[in-house]
Amino acid sequence: MWLLDKFLKTAIKRGHMKVTDYDGKAYEYGAPEDGQAPLHIRLTNKKAAKHIARYPQVGAGEAYMWGWLEVDEPHDIRDLILFVTMNAKREAGASLKAKGPLRKAAQKLLAKADSVNLRTKARKNAEHTYNLTRELYERFLDEDRQYTMAYYREDPDNTSLEKAQLDKKAHLAAKMFIQPGQRILDIGCGWGGFALYLARHYDVEVMGVALAPDQIAFCKERAEEAGVADKVTFELMDYRDVQGSFDRISSVGLLEHVGTPHYPQFYEHTARLLTPKGVMISHCCGRAKGPGMTDAWTRKYIFPGGYIPALSELVTQSEKFGWQVMDVEAMRFHYSHTLEEWYKRTVLHREKIVELYDERFYRMWLYYLAGAEQSFRHGNMVNWQIQYVKDREAIPMTREYMEAESARLRAADEGNVPTWHLDPALKEAAE
């Protein structure tokens, strides 16, 4: 406990936290604030403190998953993660990061190796993340199953997730400058929501590709149900195997799974697919303070092969293959509000998720969502929206067309904002 105690004494300067070790010994950090209840955590296994201290990037998450770390009510694991990271935001070394050049080098090497996503591995990684039961995603995503950042144009506390996701699609589509009769490729199409959105609002043909079989099966079901299967097609395919010519390309939440060694291949192949006057829009999570590496816990349990890029890593590679970056928007804090809502919806469905999987999985999912939220709320993570062209004449000279088109799309959907389908008993409990 001494190493964990040393870290917490240094890290906790705001708020009040109590830690009770497995032997009943209590430790306190910070100081009481305005009658607020202290954050109280209990370590229920004698190995817990040592495991957290020895394996900092993995240990805390595993301790919570295994039930070695409990957070007493009225707080929960999200409160703990946000509390600690809020204190550590000053980045004065008050974190349990790997010590010593050899250990740091080893971590970087492992992260680099994990980002190599050859076709077989890429498919396996996609299935690990996205081929979980449909019911799981139904429990916490919006009605359109958008598993990427929502766009909160207004107060997040008074904007539904469904409305924010609809506004995100309008924001992206407007940047694509779509014209009637065009052919669009949606790489990493997820559950088909954006492809179907484009077909609903424009006279276009859309092809969506992804690597998770259940996602593609669901996409095809949706296209048939909407009566647009002749205009919107979905294929279980690696984007590197796509052939043909497209006027517009979208990739939403894809580049996080490509891996830095494959950025040249991504930009080379998409440049080959896009027409000379085409436009590509990319939406992805991003690092605002330069290149880094994916933490070991996330690589192990949530996104194997995943890496969140810095803007410099994307732009320098795209330039080598003839791309011109015409517009970049850094979306700050939007994802933290999205993740907060996903967390709340997951908690509402605890009983069902435990039934589908088990308590360990449920705890893992909570830790993942809360950890991701803190990265966008207190850390250096943002979302990049990048517009690429091969010819500067492909788009209007000023950005006004984006605002005008986004407003038109939002107005067209004003009376069609979905309502989240929630079991009446759970809805009553939530209220």
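The values are calculated or read from the model by the stated rules, or taken from the named source; none is laboratory data. Everything quoted here is computed from the prediction, not taken from an experiment. Neighbour counts run over all protein chains shown; Cβ positions are idealised from the backbone, glycine included. Note: accessible area is taken over every heavy atom of the protein model, side chains too, but ligands, DNA and RNA are not part of it. Shrake-Rupley method; radii C 1.70, N 1.55, O 1.52, S 1.80 Å.
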Candidates D214, D142, D34: whichever shows maximal mean-square fluctuation once the chain is modelled as a Gaussian network with Cα springs under 10 Å: D34
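Ranked by accessible surface with a 1.4 Å probe, highest first, in what order do V328, V58 come? Don't skip to the answer; put the middle values down first.
On the way: V328 65, V58 25 Å².
The most accessible residue leads, giving V328, V58.
With a 1.4 Å probe and all protein chains left in place, how much of the accessible area of the chain comes from carbon and sulfur atoms, in whole percent? Don't jump to the answer; show the numbers that get you there.
Working: 10290 of 19970 Å².
Of the solvent-accessible surface of the chain, carbon and sulfur hold 52 percent.
Can you sort S245, S251 by 1.4 Å-probe accessible area, starting with the largest? Intermediate values should be presented prior to the final figure.
Details: S245 65, S251 0 Å².
Descending order: S245, S251.
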Report R332's accessible area, 1.4 Å probe, all protein chains in place, as a number in Å² to the nearest 10. 150
Can you work out the accessible area per residue across the chain, with the rest of the protein chains kept in place, probe 1.4 Å, in square angstrom? 46
Can you compute the helix-only [θ] at 222 nm over the chain? Use -39500 (n - 2.57) per DSSP H run of at least 4 residues, normalise by all residues, nearest 500 deg cm²/dmol. -14000 deg cm²/dmol
Mind grabbing the accessible area of I281 for me, 1.4 Å probe, Å², rounded to tens? 0
Applying the gyration tensor rule to the Cα atoms of the range 281-431 (axes a ≥ b ≥ c; rounded if a/c under 1.5, else prolate if a/b exceeds b/c, else oblate), the class is oblate
Working from Cα positions, state the angle (0 to 90°, nearest 10) between the long axis of helix 263-273 and the longest principal axis of the chain. 20
For the chain, the charge dipole (Cβ of Lys, Arg +1; Cβ of Asp, Glu -1; about the Cα centre) points to a positive end, and the Cα of A394, P309, A53 closest to that extreme belongs to A53
If you line up the long axis of helix 359-377 against the longest principal axis of the chain, both from Cα atoms, how many degrees apart are they, to the nearest 10? 70
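Order the following by accessible area, largest value first: T338, T275. Probe radius 1.4 Å; ligands, DNA and RNA are ignored. Kindly include the intermediate steps, with their values, before the conclusion.
Numbers: T338 0, T275 30 Å².
Sorted descending by solvent-accessible area, the residues read T275, T338.
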Calculating Rg and Dmax of the Cα atoms in Å from this structure picks out, from (i) 22.5, 70; (ii) 23.4, 79; (iii) 34.8, 106, entry (i)
Any chance you could give the angle, 0 to 90 degrees and rounded to 10, that helix 119-130 forms with the longest Cα principal axis of the chain? 60
